[in-house]
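The values are calculated or read from the model by the stated rules, or taken from the named source; none is laboratory data. If you're wondering where the values come from, they're calculated on a predicted model, not measured in any experiment. Heads up, the Cβs are rebuilt from the backbone with ideal geometry, glycines too, and the neighbour counts pull from every protein chain shown.
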Amino acid sequence: MMSFFQKLKSKFTKSTDTVTEKFKSGLSKTRSGFSSKINDLIARYRKVDEEFFEELEEIMISADVGVQTVMELVEELKMEAKRRKIQDSAELQDVIVEKLVEIYQGGDETLHELNLQENSLTVILFVGVNGVGKTTTIGKLAHKFKNEGKSVLLAAGDTFRAGAIEQLEVWGERVGVDVIKQTEGSDPAAVMFDAIKAAKARKVDVLLCDTAGRLQNKVNLMKELEKVKRVIEREVPGAPHEVLLVLDATTGQNALIQAKTFKEATQVTGIVLTKLDGTAKGGIVLAIRNELQIPVKFVGLGEKMDDLQEFDVEKYVYGLFSDLMKEDSTN
């Protein structure tokens, strides 16, 4: 019977799919530290013992998988090793990969899918601190939706940061979609009202809404977000259909702290993790999913317009372990 590791290997190692390749190249920095260290660990410890698990903990924590997640994972690995009577460390490699996928999926393989409405307006609200790539994410998603044949409108709800409205307008021009805006310093909720009115009048498929990200003024920011959400809910029952929190993967555990703060203030339905290609701490994906129970819906794997990809846990795990799969295939 083919093991999970072998199934993943046979599915992706000969794949010419460009998305799979994006995950592989985008996770190269994390992989070079993460899977190579695991490979080295397996080479040094032929037998599975307490010291092996202690070193495995350290490797995973250094990849920002998260202390809580790592402790739970290692406990499960210990139990699984005992249950399957695994003594050879090489045999545990398969179980490690299997458990990483389990952590993320929790039995639900549709977690990354967006809640898009059929034949009616979909409203997606974007939240997150300044500098994480929120406006760029909105632009790239607008490009994706437009390529899929959907009509898109942007709402410039970040009315406080200097240049935020202009930045969104630049993306609107680049992608070829209109931006609904008011003057700098105006009420974000009023912008949302105007944007929804325009979206309904134009029979638009998707409305992407930018918001302010002044986390240092947390109380005001959160009140503002609540007000924006109330206006959206009033004008479009059941909306926003998604509240996407944009996080910068290169900030590691700080991204996790931001996620906790925003989760307290608003009902975040998914994460967009930008700059995953620029960090060696790609394990943060698993920490967010396990500790906050929020699915990662998109990941940034490069600078190009189409480098924002829907998250796929199997392709993510393949991106982390592709070097080990390659080595294993030559044995």
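Residues being within 20 Å of GLU57 (Cβ to Cβ) and either of a type in the set (Lys, Arg) or in a loop (DSSP other than H, G, I, E, B) (or both): count how many of those fall in the range 280-297.
5
Which one is farthest from the chain's Cα centre (by Cα), of the residues in the range 79-89 that are touching a residue at least 24 places away in the same chain (Cβ under 8 Å) and surrounded by 15 or more Cβ atoms within 10 Å (Cβ to Cβ)?
If we take residues in the range 79-89 being touching a residue at least 24 places away in the same chain (Cβ under 8 Å) and surrounded by 15 or more Cβ atoms within 10 Å (Cβ to Cβ), then ILE86 is farthest from the chain's Cα centre (by Cα).
Among the residues of the range 292-331, which ones are at pLDDT below 85, among the acidic types (Asp, Glu) and surrounded by fewer than 17 Cβ atoms within 10 Å (Cβ to Cβ)?
GLU327
Quick check, is ARG161 charged (D, E, K, R) and either at pLDDT below 95 or assigned to a loop (DSSP other than H, G, I, E, B) (or both)?
yes
Which one of these is in a helix (DSSP H, G or I) and surrounded by fewer than 21 Cβ atoms within 10 Å (Cβ to Cβ): THR20, THR69, THR30, THR16?
Just a single option satisfies the conditions, and that option is THR20.
Within the range 16-68, which residues are touching a residue at least 12 places away in the same chain (Cβ under 8 Å) and of a type in the set (Gly, Ala, Ser)?
The answer is SER25, GLY26, SER28, SER32, GLY33, SER35, SER36, SER62, ALA63, GLY66.
Of all residues in the range 123-158 being small (Gly, Ala, Ser) and not in a helix (DSSP H, G or I), which is surrounded by the fewest Cβ atoms within 10 Å (Cβ to Cβ)?
Once the filter is applied, the top-ranked residue is GLY149.
State all residues of the range 258-299 that are under 17 Å from VAL243 (Cβ atoms) and among the β-branched types (Val, Ile, Thr); if no residue qualifies, say none.
Residues satisfying the conditions are THR261, THR266, VAL268, THR269, ILE271, VAL272, THR274, ILE288, ILE294, VAL296.
Please go through the range 33-51 and pick out each residue that is in a helix (DSSP H, G or I), buried (at least 21 other Cβ atoms within 10 Å of the Cβ) and either over 23 Å from the mean Cα position of the chain (by Cα) or on the phi > 0 side of the Ramachandran plot (or both).
Selection gives ILE38 alone.
When VAL170 is evaluated against the numbered criteria (1) under 28 Å from ASP277 (Cα atoms); (2) crowded, with 22+ Cβ neighbours inside 10 Å; (3) β-branched (Val, Ile, Thr), which criterion, by number, is the only one it fails?
For VAL170, the exception is condition (2).
Has the range 66-88 got any residue that is of a type outside the set (Val, Ile, Thr) and touching a Ser or Thr at 6+ places or on another chain (Cβ under 9 Å)?
No, because not a single residue in the range 66-88 is of a type outside the set (Val, Ile, Thr) and touching a Ser or Thr at 6+ places or on another chain (Cβ under 9 Å).
Only residues that are small (Gly, Ala, Ser) and touching a Ser or Thr at 6+ places or on another chain (Cβ under 6 Å): list them for the range 186-203, please.
Answer for the range 186-203, where residues must be small (Gly, Ala, Ser) and touching a Ser or Thr at 6+ places or on another chain (Cβ under 6 Å): just SER186.
Give me the residue from the range 40-72 that is β-branched (Val, Ile, Thr) and over 25 Å from LEU276 (Cα atoms) and, out of that set, modelled with the lowest pLDDT.
The qualifying residue modelled with the lowest pLDDT is ILE42.
Determine, yes or no, whether VAL228 is surrounded by 16 or more Cβ atoms within 10 Å (Cβ to Cβ), under 19 Å from LYS297 (Cβ atoms) and in the same structural domain as ALA255 (by TED's automatic domain parsing).
no
Out of the residues in the range 268-288 that are under 15 Å from GLU113 (Cβ atoms) and of a type outside the set (S, T, N, Q), which is surrounded by the fewest Cβ atoms within 10 Å (Cβ to Cβ)?
Among them, the one singled out is GLY270.
Return the only residue of ALA239, ALA201, ALA189, ALA212 being in contact (Cβ under 8 Å) with a residue 24 or more places away in the chain and more than 26 Å from the chain's Cα centre (by Cα).
ALA189
Is it the case that the range 126-133 has a residue that's farther than 13 Å from VAL179 by Cα, in the same structural domain as ALA249 (by TED's automatic domain parsing), at pLDDT 95 or above and in contact with a Cys (Cβ under 9 Å, 6 or more places away or on another chain)?
The answer is yes, given that some residue of the range 126-133 is farther than 13 Å from VAL179 by Cα, in the same structural domain as ALA249 (by TED's automatic domain parsing), at pLDDT 95 or above and in contact with a Cys (Cβ under 9 Å, 6 or more places away or on another chain).
Go through (1) surrounded by 15 or more Cβ atoms within 10 Å (Cβ to Cβ); (2) under 30 Å from SER186 (Cβ atoms) one by one and return the number of the condition SER120 breaks.
Unmet condition: (1).
Kindly evaluate ALA195 against the criterion of being surrounded by fewer than 18 Cβ atoms within 10 Å (Cβ to Cβ) and modelled with pLDDT of 95 or more.
No, not satisfied.
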